[in-house]
Structures are given as C-alpha cells and as structure tokens.
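Read the figures in this text as sums done on the coordinates, not as results from a lab. This structure is a prediction, so every number in the text was calculated from the model and none was measured. Every residue, glycine as well, gets a Cβ built from its backbone with ideal geometry; the counts of neighbours run over all protein chains shown.
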Amino acid sequence: MSASPPPPRQRLRVVFGKRGPLVYTGNLDTLRTWERVLRRARLPLAYSHGFNPRPRLQLADALPLGISSEAELIDVWLKEPVALDGLEARLEAVAPAGLAVYSVAETALDGPALPTLVVAADYVIAVEGVSAADLGARVRDFLARARVERTRRDKTYDLRPLVHALSVTPAGALRATLSLGEAGTARPDELLDALGLSDAPAMVHRVRLHLRS
C-alpha cells in the first residue's frame, strides 16, 4: 500500500480575475488551469487521499459562463509553507492570458469550506441600447414589487428577496447585489429577464464576493 500524503501545513486564499477567452471556461476547466499555474510556479501542493489523489483546491463559487470577474476566490492547500512576499507576481508570471492574480493571503487550515462562506455577489451589468433613464425606471419598478415570481427547473420561486441591492451607476450600468449559497441563488440573466432586458446585449462583470464572518 502506498503511504498517505502528508497533511497540509498551509492554506492560501487567492483573489483572482477572469477575462477574455477564460470567461468561457467552466468550473472544472478553471480548476485544471489553476493546477497548471501552481505547478509551474513550483508550489508544494498538498494532495487528497484515495486511489486518485488530486491537488487540494477549492473555488468559492462557479462563475457562470460568459461573465468576467475581478473577485474570484480559490483556496490552495500546501504541504510546506511558502513565503507570501512576491507570490502574486510569481503566479501571474506563469498564468495564461486573462487570468489576473490580485492577492494571496494565508487562512486557517481548519477553517470552513470556502463555498459555505459565500452569501452574495456584486455585479456590474452594462446593457447596450438602453438609456440610464430607462434603466432607472425599470429598477424602480422592480424594487417596488413585493414579489417577483420566476421559474427555474420547473420550480417557482420569488426572485425579489434574492436581490439585496439594485441601482444604476453614474456610467449608466446596472449594479446588483445578488444572493448566493444556501439562502438561495439569483443569477444575472434571471435579473435581466425580470427587468424585461433579456433580449438586450449585456456584459456582466462580477466585482465582489461577500463572505460571512
């Protein structure tokens, strides 16, 4: 029998962004991309147990296809501690185009699983061909409604309490804080549809993930 992998001695939380062609990569491909980046950067990855050990990595939330971001989070477990000084640049130097590394911080080894911490996300949505005045009127109408019934996978739900904040920016884009996680999930495309904007071309960018304490 092969020996069990050594226990991890450090857990890092990386804030990163996705732009360009990477916005069309799904959750599994994003993890594979990070595996390659971490190996190229020669970090001492910790591995899972079992017949097919894998590097211990965990994304906070699956970013929907076609959405860019500057706020993604991934936790990385290492079998040996590494210095944080200059680590962002070290990772970016071996990252593919469109993958930006903003910060790396140490977090508790025995802390909660990253996906369980996510409660909401902020998005900026640029809608083509719709004036700021029109967007403002749609936002006011949406916020005034007590209930916004939607159907997902043949189940009816209320979108309204899942939209924590909604406004129009000075640049004429939508800014929305949408629920994520156990309390329910609201997607940007569902919000646009509820605003009557499903046919309007839109660019969605995630700017922040909210974590519970």
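Going by Cα centres, region 177-208 and region 1-70 are how many Å apart?
The distance from the Cα centre of region 177-208 to that of region 1-70 comes to 26 Å.
Just to be sure I understand the model, the point goes 7 Å from the Cα along the line to the Cβ. What's the resulting residue 134 to residue 208 distance in nm?
Reported label-point gap for residue 134 and residue 208 is 2.9 nm.
Can you give the log10 of the normalised intensity I(q)/I(0) at q = 0.15, 0.16, 0.22, 0.25 Å⁻¹, computed with Debye over equal Cα scatterers of region 13-87?
Debye curve over Cα of region 13-87, log10 I(q)/I(0) at q = 0.15, 0.16, 0.22, 0.25 Å⁻¹: -0.55, -0.62, -1.07, -1.26.
If you take the Cα atoms of region 1-53, find Rg, then find the Kirkwood Rh from the mean of 1/r over all pairs, what is Rg/Rh?
When Rh is taken as the Kirkwood radius, the ratio is 1.04.
For the chain, what does the relative contact order come out to in percent, with C-alpha contacts under 8 Å and a separation of six or more? Numbers along the way, then the final one.
Working: 396 pairs, mean separation 54.1, N = 213.
Worked out over the chain, it gives 25 percent.
Quick check: the angle from helix 27-40's long axis to the longest principal axis of the chain, C-alpha only, nearest 10 degrees?
Value to nearest ten degrees: 40.
Could you work out [θ]222 nm for the chain from helices alone, using -39500 (n - 2.57) per DSSP H run of at least four and dividing by all its residues? Round to the nearest 500 deg cm²/dmol.
It comes out at -6000 deg cm²/dmol, rounded to the nearest 500.
What FRET efficiency, computed as 1/(1 + (r/R0)^6) with R0 = 41 Å and r the Cβ-Cβ distance, is obtained for residue 141 and residue 31, rounded to the nearest 0.05?
So, using R0 = 41 Å, E works out to roughly 0.55.
Helix 132-144 against the longest principal axis of the chain: what's the angle in degrees, Cα atoms only, rounded to the nearest 10?
With both axes taken from Cα atoms, the answer is about 90 degrees.
Report the Stokes-Einstein translational diffusion coefficient (µm² s⁻¹, integer) for the chain, Rh taken as the Kirkwood radius over Cα pairs, at 10 °C with viscosity 1.306 mPa s. Walk me through the intermediate numbers first.
On the way: Rh = 19.0 Å.
D = 84 µm²/s.
May I ask you to compute the full-extension gain from residue 97 to residue 116, defined as 0.36 nm times their residue separation minus their alpha-carbon distance, rounded to one decimal in nm?
In short, 3.9 nm is gained.
For residue 52 and residue 164, what is the calculated FRET efficiency with R₀ set at 41 Å and r taken between the beta-carbons, to the nearest 0.05?
E(calc), rounded to 0.05, equals 0.55.
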